[in-house]
1. Within segment 38-65, restricting attention to residues that are among the hydrophobic types (A, V, I, L, M, F, W, C) and assigned to a helix (DSSP H, G or I), which residue is farthest from C115 (Cα to Cα)?
2. Just wondering, is there one or more residues in segment 21-32 that are part of a helix (DSSP H, G or I) and within 26 Å of E123 (Cβ to Cβ)?
3. Is there a residue being touching a residue at least 12 places away in the same chain (Cβ under 8 Å), open to solvent by less than 70 Å² (accessible area, probe 1.4 Å) and out of contact with any Asp or Glu (no Cβ under 9 Å at 6 or more places or on another chain) anywhere in segment 87-99?
4. Here are K95, K27: which of them is under 30 Å from G161 (Cα atoms) and in contact with a strand residue (DSSP E or B) (Cβ under 8 Å, 6 or more places away or on another chain)?
5. May I ask you to list the residues in segment 172-225 that are part of a helix (DSSP H, G or I) and at pLDDT below 80?
6. Out of all the residues in segment 104-129, which are farther than 17 Å from C36 by Cβ, open to solvent by 40 Å² or more (accessible area, probe 1.4 Å) and charged (D, E, K, R)?
7. Among the residues of segment 65-88, count how many are aliphatic (A, V, I, L, M) and closer than 23 Å to D44 by Cα.
8. Restricting to segment 39-68, and then to whatever is within 14 Å of I8 (Cβ to Cβ) and in contact with a helix residue (DSSP H, G or I) (Cβ under 7 Å, 6 or more places away or on another chain), can you tell me which residue is most open to solvent (accessible area, probe 1.4 Å)?
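The values are calculated or read from the model by the stated rules, or taken from the named source; none is laboratory data. Not measured: the values here are computed from a predicted model. In this analysis, Cβ positions are derived from the backbone assuming ideal geometry, glycine residues included, and neighbour counts consider all displayed protein chains. Just the protein is used for accessible areas: all its heavy atoms, side chains included, with ligands, DNA and RNA removed. Shrake-Rupley method; radii C 1.70, N 1.55, O 1.52, S 1.80 Å.
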Amino acid sequence: MRFTIVTIFPDIFDSYINESLFKRARKDNIIEVNSCDLRKFSADRHRKVDDKAYGGGPGMVIQIEPVYRAVKSVKSKIRKQKLKARTILFSTRGKKLDAKIAKRLSKYDELILICGRYEGVDERVAQYVADEEISIGDYVLCGGELPALVTIEAVSRFVPGFLGKSESLEEIKGSYPVYTRPHEFYPVKNRSGNTKSASPWRVPAVLLSGDHKKIDEWRKTHSSK
């Protein structure tokens with residue numbers, strides 16, 4: 001699966017997607033992540049991609065023209081390869097990203113992710129260029145780059161081979177408390193030489209029992225699924 005991020009900060013993603021599961025998945029050709037520099041599609045000789053909002057108000061707005069040109073360029077390559085693609089604009093007015101949406105988006109061959117900045121993106125991008133708008137929460141960020149990373153990770157988890165085992169999906173196994181060694185932990189002493197707790201912090205006894213039926217029941221009881 002391929003992700004193309006339309007942004008004015010094409011290098012901002014490098015450190016994250018070159019680590020951990022992303023690094024392995026890209027090496028194994030499970031996913032591909034590309035950045036599309038929006039400024040390269042500006043008609044302005046200074047590569048300007050924003051302008052003042054009609055009607056007045058603070059801040060600048062990303063223009064329709066460079067976004068249209070960038071997405072058109074990406075889509076021209078997609079058409080040649082006959083890929084199934086979807087274009088997404090990140091917006092506070094968009095549908096809230098959840099596992100159901102991420103799973104649906106994982107069925108596409110390519111996602112084109114448009115990252116806004118400043119006071120937003122010309123509304124004609126939402127009307128005529130994007131297929132849908134997505135939000136990652138009821139709060140405002142400085143741009144669409146973090147939502148793009150969140151979406152890429154949420155979607156990639158549903159791409160076969162990304163996690164290694166489909167059982168690793170919390171949507172399948174549920175989300176429950178997990179523990180590891182040591183089974184008893186004594187808090188570090190403070191400057192006075194006393195511990196914060198007189199007794200150790202223990203792992204629930206059922207998880208040490210070896211009784212997998214009881215362990216499964218405990219996990220179901222404590223699961224948020």
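1. F41
2. No, segment 21-32 has no match at all.
3. Applying the first criterion (touching a residue at least 12 places away in the same chain (Cβ under 8 Å)) to segment 87-99 yields 87-97, 99.
Right, trim to open to solvent by less than 70 Å² (accessible area, probe 1.4 Å) and you get 87-91, 94, 97, 99.
Now narrow it down to the ones that are out of contact with any Asp or Glu (no Cβ under 9 Å at 6 or more places or on another chain): 97.
Looking for residues that are touching a residue at least 12 places away in the same chain (Cβ under 8 Å), open to solvent by less than 70 Å² (accessible area, probe 1.4 Å) and out of contact with any Asp or Glu (no Cβ under 9 Å at 6 or more places or on another chain), one finds at least one in segment 87-99, hence yes.
4. Values: K27 fails: in contact with a strand residue (DSSP E or B) (Cβ under 8 Å, 6 or more places away or on another chain).
Answer to the check: K95.
5. Residues satisfying the conditions are I172, K173.
6. R104, K107, E119, E123, R124
7. Initial filter on segment 65-88 (aliphatic (A, V, I, L, M)): 67, 70-71, 74, 78, 83, 85, 88.
Keeping just the survivors that are closer than 23 Å to D44 by Cα gives 67, 70-71, 74.
Residues meeting the conditions: 4.
8. My answer is R47.
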